[in-house]
Protein chains: 2
Amino acid sequence: MNDLRIDGGRLWDGLSRMGEIGATPAGGVNRQALTDGDRAARDLFISWCREAGCSVRIDASGNIFARRAGRRGVAPAVAAGSHLDSQPAAGRFDGALGVLAALEVVRTLNDHGVVTERPLEVVSWTNEEGCRFAPSMMGSGVFTGRFDAARMDATADTEGRTFGAELERIGFRGDDLVSVTELDSWFELHIEQGPVLEREGTAIGVVTGANGLRWFDLVVTGHDAHAGPTPMAERRDALLGAARIVAAVNRIGLAHLPGASATVGSLAVHPNSRNTIPGRVAFTVDLRHQDETRQAAMKDALETEAASICAADNLELDLREIANQPPLRFDPGCVAAVRGAAAAQGLSWREMVSGAGHDACHLAARLPTAMIFIPCEGGVSHSEQENATREDCIAGANVLLHAVLKRAGVHAGC
Amino acid sequence: MNDLRIDGGRLWDGLSRMGEIGATPAGGVNRQALTDGDRAARDLFISWCREAGCSVRIDASGNIFARRAGRRGVAPAVAAGSHLDSQPAAGRFDGALGVLAALEVVRTLNDHGVVTERPLEVVSWTNEEGCRFAPSMMGSGVFTGRFDAARMDATADTEGRTFGAELERIGFRGDDLVSVTELDSWFELHIEQGPVLEREGTAIGVVTGANGLRWFDLVVTGHDAHAGPTPMAERRDALLGAARIVAAVNRIGLAHLPGASATVGSLAVHPNSRNTIPGRVAFTVDLRHQDETRQAAMKDALETEAASICAADNLELDLREIANQPPLRFDPGCVAAVRGAAAAQGLSWREMVSGAGHDACHLAARLPTAMIFIPCEGGVSHSEQENATREDCIAGANVLLHAVLKRAGVHAGC
């Protein structure tokens, strides 16, 4: 049983085929949540799950659950997976690797006629990225009771289309009632999305927890005016104020190292005309830290600096926090199962904290949880340059296989 | 003759009636170039010119010329006017004031039987605003030979309708050949579109020239990466670099006062996702100055600061100049005629340089030219909130009357 290995060729081929959905000319993917590309990826995944003999359920958030029976039919299932949606300019590994590796675990057990004590559940969560519909990790957030389903349904994208309407448009408003109590634990394989493993030449990241994440929406309002005749001293330039805040956000991140990150990822200018002083700028701030107290200090610094910048430039500021996930620690038992699987296979490993949010962060609040990281090229993700090696993907999937087997238990007779 | 004054009630009534064409619910006007509203405004203007005894000509760009004969029939005409087209959300004074004030000059001379030595030409130029068909100041640009007529005809609006086709649709593709050599000089009355006159309580701006204008397109390129796991020290954040340049552009404007303005009006972020470090930001820079040498220094400062910011942040910079109009000095004689008319009427006046572009900027390249500014409320234009007082409009028209009379000469016998 310890020698059991997944079919690396099949896993890699699945990643390639999934990567053709929403493929971009530059070699990446654009498969944002609830687009036609997301629908096509979901359809392909479900067809593969059914081929693998799984019974598929879809809940009202569009989360997909594919169950493989265990000997103890009614026992809670050991669950594994990730998400199939992507950023607008993304790679083929972020999310899809975790989903397809979990499916590969089921396929491998099928190939070898292995029956687990507990059932297995392969899960793909809806809208993990949050780039089209904020907040991110929406499907797992509703599943774990962190988010209100009705409020998520009402969330609109920049064109005013709501999450609920788009979920129905792509045909994934399911009516299966799936409860957290049906799951025993959660394992998620993911690319690191950072440079540490690759730089160290370490194969496996044993993820012991995740950074806290706080998201803010800011709107700076001044006054539109003609760029020619309006004297410099009389301007109320919203973009100038926003630019000062962008620089301040970077300073705040640097001031709270180690373990901190601070980013302005999205910014929109109104009226956005070459010879008009911008009267309104809307933008986002993303603050992360391993330590909750330090993260609160970052939030205070943001509020103080943004307010003083806008006061100095005679601008109005609207600052709202839209998401706040505290730092968290994963389950020691599940983490030990991951560590043990990596060690047993002779893979190099290190413990680390996830800088990114993952569905596992929601699930950890309700279920014993662990994550497995593998290196990605240059630490790059959320980019069409995102890449990971075949060898590392296979190693990660084998660690997932044995961590899941450890938790699910294998019938002695098999 | 020095006591001659225009009929203020008639001028104000004309502005009100013209303002009914393309009137918006919010009290502004939407009379974009070559729309049905523009046609209706042209028809009304021409009917008034004919009632005033003028002979009307229309050239192939749809520019309208209404001539009042002088004693020296073949002499070049003293010309005055502006434009009747508007921004999509505009007021009733931008352009229309200059056209109707020039018509009021003719009507006033008719009322008092005044015959000028030189003929007068009231002119309304086509598509000054450029918001539907770029570039702006199109009709005067073709008339003065700066723009190519065929290229302007081929310019399309956002619905793909061309300038030439729309000009024919509204019936204003004229066949009159009007040459610059038929004109002696150009006078244009316009609202300031800035706050200076109103703030000072000055009635008349004696415009001595126009700011130089230099436009730049910049693209800053870094590397998209995940906002969570990417260490602050390893980022190539294009928005951070762009934000530093936005602040630098403002510093450059302030450092080159007086007579300088520096604006970033348009900025677009890629991929523009809240949890992705932006890899590319494209934005514009608008640099204006009264002095060509100082403006060149602003351009040098922009290039130097942008390059050093991008070098420090490990970003690539692409900076291109896309427009360069040198500062203009209007004709000293025409400017003196405006100044003398304001002083003779006991009006408060100050010399100033136009920050915005006007048809006069094209005409100044070929003819002795001057402009007259009057205050507008809050310095606001290109907005439905644009407003000017009856008193200021009348004062400006009386200055135009006497500046034109000074240049045209009055027959001693009258």
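A few remarks follow.
- Total formal charge among the other residues, if their Cβ is under 13 angstrom from that of B:Asp286, Lys/Arg +1 and Asp/Glu -1: +2
- Chain B, relative contact order [Cα under 8 Å, separation at least 6], %: 23 percent
- Shielding of peptide A:218-230 by partners, expressed as the average count of other chain Cβ atoms within 10 Å per residue Cβ, is 6.
- Square roots of 5 times each gyration tensor eigenvalue, C-alpha, the protein assembly as shown, largest first, Å: 69, 25, 21
- Formal net charge of residues neighbouring A:Ser140 (Cβ-Cβ distance under 9 Å; K, R +1; D, E -1): -1
- Axial C-alpha extent at least 20 Å, average Kyte-Doolittle at least 0.5 - helices from chain B (DSSP): B:96-111, B:238-255
- Remark: region B:25-69 is approximated by an ellipsoid whose semi-axes, taken from the C-alpha gyration tensor as √(5λ), come to 23, 13, 7 Å, largest first.
- Translational D in µm²/s for region A:247-322 (Stokes-Einstein at 20 °C, 1.002 mPa s, Kirkwood Rh from C-alpha pairs): 158 µm²/s
- Cα gyration tensor shape for region A:217-343, rounded if a/c is under 1.5, else prolate or oblate: prolate
- Estimated D of region B:300-414 in µm² per second, where Rh is the Kirkwood radius over Cα pairs and Stokes-Einstein applies at 25 °C, 0.890 mPa s: 138 µm²/s
- A straight line joining the Cα centroids of region A:285-359 and region A:191-219 runs 9 Å.
- Computed in the context of the full set of protein chains, the accessible area of the protein assembly as shown at 1.4 Å probe radius has 49% of its extent on carbon or sulfur.
- Once the C-beta distance of B:Arg5 and A:His270 is scaled by a Förster radius of 41 Å, the resulting FRET efficiency is 0.40 to the nearest 0.05.
- Computed E for A:Asp318/A:Arg161 - FRET, C-beta separation, R0 41 angstrom, nearest 0.05: 0.95
- FRET E, pair A:Ala336, A:Ser308, Förster distance 51 Å, beta-carbon r, rounded to 0.05: 0.60
- Cβ-based charge dipole, region A:314-388, positive-most Cα from A:Ala388, A:Gly333, A:Cys376: A:Gly333
- For region B:300-404, relative contact order (Cα pairs under 8 Å, six or more residues apart, normalised by length) works out to 29 percent.
- Over region B:349-404, relative contact order from alpha-carbon pairs under 8 Å, at least 6 apart, %: 24 percent
- Cβ-defined net charge surrounding B:Ile252, 13 Å radius [Lys, Arg +1; Asp, Glu -1]: +2
- Cβ-placed point charges (K, R +1; D, E -1), dipole of region B:294-414 about Cα centre in debye, nearest 20: 940 debye
- A crude spin-label estimate for the pair B:Ala154 and B:Arg251, with each label 7 Å from Cα along the Cβ direction, gives 4.4 nm.
- Summary for A:Gly53: label point 7 Å along Cα→Cβ; distances to the equivalent points in the other copies, ascending, 10.5 nm.
- By the equivalent-ellipsoid construction on the alpha carbon gyration tensor, chain A comes out with semi-axes of 41, 22, 19 Å, ordered largest to smallest.
- For B:Ala165, label point 7 Å along C-beta direction: distances to other copies, nm: 3.2
- Bins of 5 Å, starting at 0 and running to the largest distance - Cα pair percent for region B:123-279: 2, 6, 11, 12, 11, 12, 12, 12, 9, 6, 4, 2, 1, 0, 0
- A point 7 Å from Cα along Cα→Cβ stands in for B:Arg390, and the other copies hold the same point at 8.6 nm, listed in rising order.
- Net charge dipole, chain B: roughly 600 debye, given to the nearest 20, about the Cα centre with Cβ charges of +1 for Lys and Arg and -1 for Asp and Glu.
- Across the options A:Thr276, A:Thr144, B:Asn250, the greatest Cα extent toward the positive end of the charge dipole of the protein assembly as shown (unit charges at beta carbon of Lys, Arg, Asp, Glu) belongs to B:Asn250.
- Inter-label distance for B:Ala365 and A:Asp300, nm, one decimal - labels placed 7 Å from Cα along Cα-to-Cβ: 6.1 nm
- Student exercise, the protein assembly as shown dipole from Lys, Arg, Asp, Glu Cβ charges, in Debye to nearest 20: 180 debye
- Protection proxy ranking, peptides A:68-75, B:61-68, average beta carbon neighbours within 10 Å, highest first: B:61-68, A:68-75
- Cα lying deepest toward the dipole's positive end in chain A, options A:Leu240, A:Pro229, A:Val206, charges on Cβ: A:Val206
- Note on B:247-257: average number of Cβ atoms from other chains within 10 Å of each residue's Cβ is 3.
- Partner chain coverage, peptide A:77-88 - average Cβ within 10 angstrom: 1
The values are calculated or read from the model by the stated rules, or taken from the named source; none is laboratory data. On a predicted model such as this, the values are computed, not experimentally measured, just so you know. Positions of Cβ are generated from backbone atoms using ideal geometry, with glycine treated the same way; all protein chains shown enter the neighbour counts. Note: areas computed on protein heavy atoms with side chains; ligands, DNA, RNA excluded. Shrake-Rupley method; radii C 1.70, N 1.55, O 1.52, S 1.80 Å.
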